[in-house]
Amino acid sequence: MNAMRQENSTPGGSRYELIQLIRLALPLVAAQLAQMGMGVVDTIMAGQVGALELAGVALGGAVLWPTLMLFSGVVMSMIPMIAQLNGAGKDSQVGEIARQGLWVALGLGILLTAALKNAGPVYLALGIEASIVDVTMGYLGAASWGMVPVLGYFALRYFCEGLSWTKPAMLIAGIGLLVKIPLNYWLVFGGLGVEPMGAEGCGWATAWVMFLELIAMIGVVVFSRVSRLGPFTQFSLPSTHQIATLFRVGLPIGLATFVEFGFFAVVTLLIGRLGPETVAAHQIINNLSGLIFMVPLGLGMATSIRVGFNVGAGDVASARRVGWLAMATSAGFATVSIVVLLLAGPTLVGLYTQQAEVIDIATSLLGIVACFLIFDGIQVNAMGALRGFKDTAVPFVIAFSCYWLFGFPIAWILGFGFFAGLDYGVLGYWSGLAAGLVAASAALALRFNKISERAQSR
C-alpha cells in the first residue's frame, strides 16, 4: 500500500500526473470559457434585437468558427512540437518555431479574411432567405478584420502553452471578455453618436477584441521569462522546411477540428431552412452545450501539452497514463453536467430569449444534448493525447469518417425526412450529431490505446 501511494505521488505517478494535468488545464478551461463567453454575449444581445439578428449571428458563426479552427489548428502544431522539445531539454530550438508559426499565422489570416468577405454566395446557394443572408454578411464582413490578429495571438499563445505556461491565455481571454461586453452593447444597440448596428455590431466588437488580444500577448512574450527563448530577438525569413513541418503536423489537427466544427456548422446551415425561430433555438442549445464543452476542450489541450512533454522526456508510460486520466476526468465532469443541464436547462434557455416558440424548441433538444456530453469529452481528450504523440493524420481520418460518413447521413435522413415516419426536423439533425460523437469517442480512444502501447513497447 505504501509503495502504491509513493508511486502515485512521485513524478510519473497517477496522482502526480493528475495534479500536473489539472494545473495546466484550469487556466486553459478559463480561457476557453472566456472565448466562448464572447459568443454567448453575441447570442444574447443579438437575441434581444430579434430572431432575424440572432439567426444572422448563428449562420455567420457557422462559417466563421469552423474555418478559424481549421487555420488555427495548423498553428496549433506548435504545442506538441514545443512541448516535446521542452521535455527533451532542447529549448534553444523553440524560438525559431515561434517565428515560423507567426509567418504561417499571417498567411492564413489574410486568406481567411478574403474568404469570409466573399461567403455570401454560399448562403444563397443553400436556399437561405436573402434577409438573413444580408444580416449574416454584415456580421462576417466586420468580424473578418480580426482574423490576422487572432491567428497571431494564437501563435504566441501556443508558444507559451507548449512551454507549459497556460496562465497568459486565461488572463488575456478574461480581460477580452470584460472589454467585449460593453463594446458589444454599445455597437449592437447604439449610443454616444453610434447608430444601432445589430449583428454587424457583434462582428466589429469581435474584431476589435481580437486585435487587443494580440497586442496583449505580444506584451506578455516580450516582457516575461519566455523572452529568453528568443522569439523576437532576431528576424527569420519564412523557412520552407519549418513551415512544411508545421503544416505536416498541424494541417491534420486543423482538418480534424474543421470536420467536427464543420459537421455542426453544416447542420446549422441546413436548420436555417426551417426558419429563424428554429435557428435561434438551435443556436441557444449550441451555446449551452458549447459552454459545457469548454471544460473538456481545455483539459484536452492540457493533455496534449503534458503528453508531449512526457514523450519528449522519454517517459511514455506517464504519457499513456495522462491520456487515460484525462478521458476519465472528462467523463466524470460530463456526468455532473448532465444532471445540471436536465434540471436547470429550461431556466438557462430563458436567459437567451423570451420568445415562447424559441424556448419550446430549445427545451425539446436538452435531452439529446445531455446524451452525448460524455462522449464529446472523451473524444476531445483522446484527440489531445494523440496530438501529444504527434499522431494527427489517422485521427483526422477517424474524425472525418465518424462525423461525415456516419453521423451526417443520419442527421440528413432524420432531419430532412426522406423516408415516411422519419421526419424529425431539428431533433433529427441533433440525433445525427450525437451519433457522430459517440462513434468518434470509441474510435479515438482505441487509437490512443494502440499508439501509446506501441510507443511503450519500443
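Read-outs throughout are calculated quantities, based only on the coordinates presented, and are distinct from any laboratory measurement. Please read all numbers here as calculations on a predicted model, not as lab measurements. Glycine gets a Cβ as well: all are built from the backbone with ideal geometry, and neighbour counts include every protein chain shown.
Relative contact order, percent, of the stretch 214-371 when contacts are C-alpha pairs under 8 Å separated by at least 6 residues?
Values: 64 pairs, mean separation 34.5, N = 158.
The normalised contact order for the stretch 214-371 reaches 22 percent.
When a/c is below 1.5 the answer is rounded, else prolate if a/b is larger than b/c, else oblate, so apply that to the stretch 10-102 with a ≥ b ≥ c taken from the square roots of the Cα gyration tensor eigenvalues. Note, shape of the stretch 10-102 comes out oblate. Give me log10 I(q)/I(0) at q = 0.08 Å⁻¹ for the chain, Debye formula, one equal scatterer per alpha-carbon, no solvent. Treating every Cα as an identical point scatterer, log10 I(q)/I(0) equals -0.45. Within the chain, the longest run free of chymotrypsin sites (Phe, Trp or Tyr not before Pro) that sit in a DSSP loop with at most 11 other Cβ atoms within 10 Å is 1-222.
With 0.36 nm allotted per residue and the present C-alpha distance subtracted, the LEU274-PHE235 stretch has 8.8 nm of extension available.
Its alpha carbons give the stretch 86-202 an Rg and a Dmax of 18.7, 57 Å.
Divide the volume of the convex hull around the Cα atoms of the stretch 74-149 by the residue count and you get 89 Å³ per residue.
With a length cut of 27 Å (Cα positions projected on each helix's long axis) and a Kyte-Doolittle mean of at least 0.5, go through the chain and give me the DSSP H helices that pass. Intermediate results must be reported in sequence, preceding the final value.
Numbers: long enough: 14-49 (50 Å, 0.89); 51-75 (35 Å, 1.70); 94-117 (35 Å, 1.20); 167-189 (33 Å, 1.38); 199-222 (35 Å, 1.62); 240-271 (43 Å, 1.51); 276-312 (51 Å, 0.85); 316-350 (48 Å, 1.38); 366-388 (33 Å, 1.40); 426-456 (45 Å, 0.64).
Answer set is 14-49, 51-75, 94-117, 167-189, 199-222, 240-271, 276-312, 316-350, 366-388, 426-456.
Listing LYS450, LYS180 from fewest to most neighbouring C-beta atoms within 10 Å gives LYS450, LYS180. About its Cα centre, the dipole of the chain is roughly 1800 debye, where the only charges are +1 on Lys and Arg Cβ and -1 on Asp and Glu Cβ.
With a/c under 1.5 counting as rounded, go ahead and sort the stretch 246-338 into rounded, prolate or oblate using the C-alpha gyration tensor (a ≥ b ≥ c being the square roots of the eigenvalues; past the cut-off, prolate if a/b is larger than b/c, else oblate). Please report the intermediate quantities before stating the final value.
Working: a/c = 4.40, a/b = 1.80, b/c = 2.45.
Oblate is the answer for the stretch 246-338, as a/c is 1.5 or above yet b/c matches or exceeds a/b.
Potential lengthening of the chain between ILE215 and GLU129 amounts to 27.1 nm, from the contour at 0.36 nm per residue minus the alpha-carbon distance. Among ARG248, ARG454, ARG225, the order by Cβ neighbours within 10 angstrom, fewest to most, reads ARG225, ARG454, ARG248.
ILE22 to LEU192: extension gain in nm, 0.36 nm per residue of separation minus the Cα-Cα distance?
Details: separation 170, 0.36 × 170 = 61.20 nm, distance 4.43 nm.
My answer for the length gained is 56.8 nm.
Each of GLU357, GLU213 was scored by other Cβ atoms within 10 Å of its Cβ. Listed from fewest to most, they are GLU357, GLU213.
Across the stretch 15-453, the mean sequence separation of Cα contacts (distance under 8 Å, 6 or more residues apart), normalised by length, yields a relative contact order of 24 percent.
Treating r as the C-beta distance of ALA344 and LEU171 and R0 as 25 Å, the FRET efficiency rounds to 0.30. Computed from label points 7 Å out along Cα-Cβ, the spacing between VAL394 and THR245 is 2.3 nm.
Could you work out the helix-only [θ] at 222 nm for the chain, with each DSSP H run of four or more residues adding -39,500 (n - 2.57) and the total divided by the number of residues, to the nearest 500 deg cm²/dmol?
Values: 18 runs with 370 residues, N = 458.
Taken over the chain, the calculation gives -28000 deg cm²/dmol.
The residue list VAL349, TYR424, SER72 was ranked by how far each Cα lies along the charge dipole of the chain toward its positive end, using unit charges on Cβ atoms, and SER72 comes out on top.
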